[in-house]
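Down below is the structure, laid out as structure tokens.
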Amino acid sequence: MADKTPPQKSNAPYATRIDPTKEGLSQDQMHFIRQVELEQWKRRTSKLRTRNVVTGLAIGVLVLGIYGYTFYSVSQERIMDEIDEEAKRTRMQGPKTGAN
């Protein structure tokens, strides 16, 4: 099995977090940090926008499907009502016997 002990602490400067308000950063460094944060925000926003569009389309398709099925069901009920009325008329026009 894999070794479950955490790796040795790295002394690499890119792995440390800094607080821009407490560190003495130059204007160029602050500008670079803002640019990187903006690019990361744009990337996350585009992923979220894609997910939102897909979710919206899925919900829209579901709603339209339910709507269409409802209309189809109602139209079937009308046909059944017409068949029932036609059967009543046929029974009324048929020969009169003691069993009717």
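The values are calculated or read from the model by the stated rules, or taken from the named source; none is laboratory data. For clarity, every value in this text was computed on a predicted model and none was experimentally measured.
Brief remarks follow.
To keep it simple, each residue is scored yes or no on (1) at pLDDT 95 or above; (2) within 30 Å of Pro20 (Cα to Cα); (3) under 10 Å from the mean Cα position of the chain (by Cα); (4) not polar (S, T, N, Q).
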| position | (1), (2), (3), (4) |
| --- | --- |
| Lys42 | no, yes, no, yes |
| Leu57 | yes, no, yes, yes |
| Leu62 | yes, no, no, yes |
| Tyr72 | no, no, no, yes |
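- Number of residues in segment 23-80 that are among the charged types (D, E, K, R) and not in a helix (DSSP H, G or I): the value is 1.
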